[in-house]
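All remarks here apply to the structure that follows.
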Amino acid sequence: METAKEMQAKIVGKAAEDSDFRARLLSDPKGAIEQELGVTIPGSLSVEVHEESGAAAHLVLPPASKLSESDLQAVTGGTFTNYDYGTARISLTDNW
């Protein structure tokens, strides 16, 4: 199984080369990722893809919580990893 970094690199690379895929990724992130990677993303997981324009900055904050990291993992079913590659920021879980 590919790591989260490998999956993200594949998604970002394809979006850079394939304008149709990029458009699908922006309009239907879950569907595009599921189709490209052959995975099923849980319905409870929201996937957002932002395209930087130079006119906006995106800042992603971790959830405000008093739970420990292990408590958070137990609740979410895995850890979340955020990666920035060029114009895309994608959050993936390690247990897809």
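The values are calculated or read from the model by the stated rules, or taken from the named source; none is laboratory data. In this text the structure is predicted, and so the values were computed from the model without any measurement. Cβ sites come from the backbone with ideal geometry, for glycine too, and all protein chains shown count toward neighbours.
Taking first residues from segment 1-27 that are within 16 Å of ILE41 (Cβ to Cβ) and in contact (Cβ under 8 Å) with a residue 24 or more places away in the chain and partners that are among the small types (Gly, Ala, Ser) and in a helix (DSSP H, G or I), the Cβ contacts under 7 Å between residues at least 6 apart in sequence or on separate chains come to LEU25/ALA15; LEU25/ALA32. Checked against (1) assigned to a loop (DSSP other than H, G, I, E, B); (2) charged (D, E, K, R); (3) modelled with pLDDT of 90 or more, LYS30 meets all criteria but (1).
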